Amino acid sequence: MPYPADRERDRPWVMRTYAGHSSAAASNALYRRNLAKGQTGLSVAFDLPTQTGYDPDDELARGEVGKVGVPISHLGDMRQLFDGIPLAEANTSMTINATAMWLLALYVSVAEEQGADRAALAGTTQNDIIKEYLSRGTYVFPPGPSLRLTTDVVAWTVANAPRWNPINICSYHLQEAGATPVQELAYALSTAIAVLDSVFDSGQVPAERRGDVVARISFFVNAGVRFVEEMCKMRAFVQLWDEITRDRYGIADPKHRRFRYGVQVNSLGLTEAQPENNVQRIVLEMLGVALSRDARARAIQLPAWNEALGLPRPWDQQWALRMQQVLAYETDLLEYEDIFTGSRVVEAKVAELVAGAREEIDRVQAMGGAVAAVESGYLKSRLVSSLAERRRRVETGEDVVVGVNRFDTTEPSPLQAEGANAIETVDPAVEHRAVEAIRKWRAERDDAAVRSTLDELRAAARSDRNLMEATIACARAGVTTGEWAGALREAFGEYRAPTGVSAASASGEVGAEIARVRERVRETGEELGERLRMLVGKPGLDGHSNGAEQVAVRARDVGFEVVYQGIRLTPAQIVAAAVQEDVHVVGLSILSGSHLEVVPAVVDGLREAGAGDIPVIVGGIVPPGDAEKLRERGVARVFTPKDYELTQIMDEIVTVIRQAHVR
C-alpha cells in the first residue's frame, strides 16, 4: 500500500477478518459476504491438518478437519475457495507456515488458471516457522530444512511475484506464549535476521536486489490491552528494523527499510467470563497500532467478541469489521501527522524497549542465532517462564482482568441469550464429506503424473535447488497436501521441539497456596505408597501448548511427577504412555474444537487397556453443552478459560485422584 506524503490524509489500512471453516465452499461464501460489507483484504484461516501437512483421512486429522480453519487438500479445494474472487485484484493473507510453500503454489496455480500474471499477485504468506517451535506448534520438519523452505519462497517471490510478501515475521504468537514487549521485539527481529542471513547466504538473490528482499519482509504483531506500551513497542520496532537493515545488511534506500506490519489484536486476552467486555478490549488494542502515524499498521484484523467461547458467526465478524471502519472513516485520526512526536513519555518508553531488545538480540546472536536458540530450548524456556509470571500476577490480582479476578458480579448477557447458538458450530459430517472427497480426488487424477512430480520434488529436496517450481508442478498434477508434506518428511525427517517446561516455576504470593496443595499431594502419595504421577497430553494436531505447559509447570510445582511429551499425539499414544508410566491421572488440553472426537477415544482406550480406573480431565475451549457430553462419556472434570487459577485446579485434581484411588 502506498504511503502518503506528510501533509496528506493517511490512507486507511487494509481491513481483514481472519476467517475460514468447514469447507472451501462454505468459506468462499463467507469471504464474498465479508468483501461485500467493505472488507478490503482476505485473511485465510486453514485447518490444522492443512497447516501440518496431513490429508483429511489421516489418523492424526481425526476430529480436526474444518475446525479452526478451512481444509485445503489439493488444487480443486483452492479453486473452490476462491471461486468468483479474481486473484489478480485480491489482497490475500494466508496464515500458513510449515506448508506455506505448498499453499502458495496452489494459490499461484489457481490465479494462473484465472488468467492472472504471477507478477500481479498481492498478499502474504505467514511462513514464519521459527515461532511455530515456540508457540503454535504447527511445524513439521526440523528447523534447518524448514528455514530452507522459507528461504526458497522468499527468493522465488522476489523474482516471480514482486508484490507478494513471502513472510510475516510473526511476533503475535510470541506474546500469546508469554513474551514481554522486550522479548517480542527481540525474538521477532532475531527471526528476521535468521531469515535474511539464510536468503542472502543461499546465493539465490544477486547483491543488487537485496533491497528488494528487505522491502518485501513484513511483520505480523500482537497488540495487547496496555495500548500505550503497545504503541511504544511498535515505534521501537520501526527504529530497530531501520537500524538492523541499514547497519547489518547495508540497505541504503529508506523506503526499503520501512517497517511494514499487519496486526491481529490479542485473541488469548479475550475472556470467557463476561465476554461482552471483549468489545472494549478489542477497540483499545486496535488503538495501540493505529494512533501513531509513524508506526501505524498497514493491515488490521480484529477478533470477534466471542472468540473465547468458540467459532464466531458472520454477524460477530461483521461487528469486528465495523469497529475498524468507524475508527478509519468517522474519526479524525487519519487527518494528522504523528500525534506522539516530541512526547518525552513516549520517547523514554521507546528508548527503554529498544535498549532491552538490543541486549536480548545480542544474547540470541551470541548463541548462534534464532535457530540455535530454538534448538537449545533457550527461547521456549524464556517464554514459558514469562507466561508463568504473567499467570501468577493474574492469580494474585496484581494484574486486574475485569470480570475475571475483579468486578466479577454480572447480569445475564443478552448477547448469549441464544446459548449454544451464540457461536458458529462445525457439522461433524464435514469431516466425513472431506474424507470422501479426497478419496474421490485421488481416484480421478493421473497417478503417473502425481508419482512423477513427487519423485522430482524428492530429488530437488536432496539437492540445493529451489523447491518452489517443483512444488507448483505437484500442485498442478493433483498431488495432495499430505503427499507433498510426506515426500518432504522422507527427505528432511520430522521434529519434536523442546517444551521449555523444566525451566519455569511459580513463585511469589501464589507460593503459600502452592504449599498447601503440595501438602495434599504429599499426603495422598503417602496413602497410595508412591509419588503422584500426572500425564499431560495434547491429542490431535492442536499445537497451542501454552495452557498444557503451564499446567505441567504448576503440577510439578505442587509435587506431581509430570509426564509431558509435547504436542501432536494420537489417543493411542497417550493411552500407551499413561499405562507405561502408571499415572494416577490424565489431563488433556484441547483448544481446536476436536474434544468430542479425541477425548472419548482416550477414555475408551484406557478402558480397553485395563486402565479404566485412571481418571481423565480436560482443559480447553469447551462449550457447556459439550462439557456435559464429555462428563457423560466418563471425563472426571472439564476446565475452561474461566478456570484461571491453576493452583485451585491442581487442588481439584488431587480430589479427583483421591476419589478414584483412595479407599
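The values are calculated or read from the model by the stated rules, or taken from the named source; none is laboratory data. Bear in mind the structure is a predicted one, so any value in this text is a computation, not a measurement. Cβ coordinates were reconstructed from backbone atoms using ideal geometry, including for glycine residues, and neighbour counts include every protein chain displayed. These area figures cover heavy atoms from the full protein model, side chains too; ligands, DNA and RNA do not enter into them. Shrake-Rupley method; radii C 1.70, N 1.55, O 1.52, S 1.80 Å.
Give, in nm to one decimal, the length gained when the segment between S385 and E243 is fully stretched (0.36 nm per residue of separation minus the Cα-Cα distance).
48.2 nm
With a 1.4 Å probe and all protein chains left in place, how much accessible area per residue does the range 282-423 have, in Å²?
Here the per-residue accessible area is 47 Å².
Can you give the extra length, in nm with one decimal, that the chain gains between T655 and A576 once fully stretched, where that is 0.36 nm per residue apart less the Cα-Cα distance?
26.0 nm
Using the beta-carbon distance between A372 and R406 and R0 = 45 Å, what value does 1/(1 + (r/R0)^6) give for FRET efficiency, to the nearest 0.05?
0.60
Can you list the residues of the range 180-194 with backbone N under 19 Å from a point 7 Å past the Cα of D362, pointing along Cα to Cβ?
Within reach of a label on D362, which here means backbone N under 19 Å from a point 7 Å along Cα→Cβ, the range 180-194 contributes 182-191, 193-194.
Can you figure out the FRET efficiency of Q114 with R322, using R₀ = 30 Å and their beta-carbon distance, to the nearest 0.05? Mind showing how you got there, number by number?
Numbers: r = 31 Å, r/R0 = 1.02.
Plugging the Cβ-Cβ distance into 1/(1 + (r/R0)^6) gives 0.45.
Antiparallel as a % of all DSSP beta bridges within the chain, to the nearest 5?
0 percent
Quote the relative contact order of the range 145-262 in percent (integer), defining contacts as alpha-carbon pairs under 8 Å separated by 6+ residues.
31 percent
To the nearest 20 Debye, how big is the dipole of the range 1-159 about its Cα centre, given +1 on the beta carbon of each Lys and Arg and -1 on that of each Asp and Glu?
580 debye
With +1 assigned to the C-beta of every Lys and Arg and -1 to the C-beta of every Asp and Glu, and no other charges, what is the dipole magnitude of the chain about the Cα centre in debye, to the nearest 20?
780 debye
Per 10 Å bin, what percent of the C-alpha pairs of the range 145-203 does each bin hold, from zero upward?
For the range 145-203, the binned pair fractions read 22, 45, 27, 6 percent.
Mind checking the full-extension length gain between R633 and E490? Use 0.36 nm per residue of separation minus the Cα-Cα distance, one decimal, nm.
Extra length available between R633 and E490 comes to 47.6 nm.
Suppose a student asked you for the relative contact order of the range 200-261, using Cα pairs under 8 Å spaced at least 6 residues apart; what percent would you report?
46 percent
Among the trypsin sites (Lys or Arg not before Pro) within the range 236-289, which fall in a DSSP loop and have no more than 13 other Cβ atoms within 10 Å of their own Cβ? Walk me through the numbers before you get to the answer.
Working: sites: R246, R248, K255, R257, R258, R260, R281; in loops: R248, K255, R257, R258, R260.
Of the trypsin sites (Lys or Arg not before Pro), the ones in loops of the range 236-289 whose Cβ has at most 13 other Cβ atoms within 10 Å are R248, K255.
Where nothing but the Cβ of Lys and Arg (+1) and of Asp and Glu (-1) is charged, how large is the charge dipole of the range 608-653 around its Cα centre, in debye to the nearest 20?
Approximately 140 debye in magnitude.
Positive end of the dipole of the range 253-385, charges at C-beta (+1 Lys, Arg; -1 Asp, Glu), about the Cα centre: which of S381, A297, Y336 has its Cα farthest in that direction?
Of S381, A297, Y336, it is S381.
Explain nothing, just the number: relative contact order of the chain, from Cα pairs under 8 Å at least 6 residues apart, as a whole percent. Walk me through the numbers on the way to the answer.
Details: 1226 pairs, mean separation 105.4, N = 663.
That works out to 16 percent.
Which of V279, L121, V394 sits closest to the plus end of the dipole of the chain, meaning its Cα is farthest towards the positive end, when Lys and Arg get +1 and Asp and Glu get -1 on the C-beta?
Highest projection toward the positive end goes to L121.
Taking 7 Å along the Cα-to-C-beta vector as the label spot, tell me the A515-R607 distance in nanometres, rounded to one decimal.
Modelled inter-label distance: 4.4 nm.
Taking the Cα centre of the chain as the origin and placing charges on Cβ (Lys, Arg +1; Asp, Glu -1), which of V551, G612, V450 is farthest toward the positive end of the dipole?
Value computed over the given set: V450.
Ranking request for peptides 458-467, 612-621: highest mean number of other beta-carbon atoms within 10 Å first, then the rest in descending order.
Per-residue Cβ counts within 10 Å, averaged per peptide and sorted highest first, yield 612-621, 458-467.
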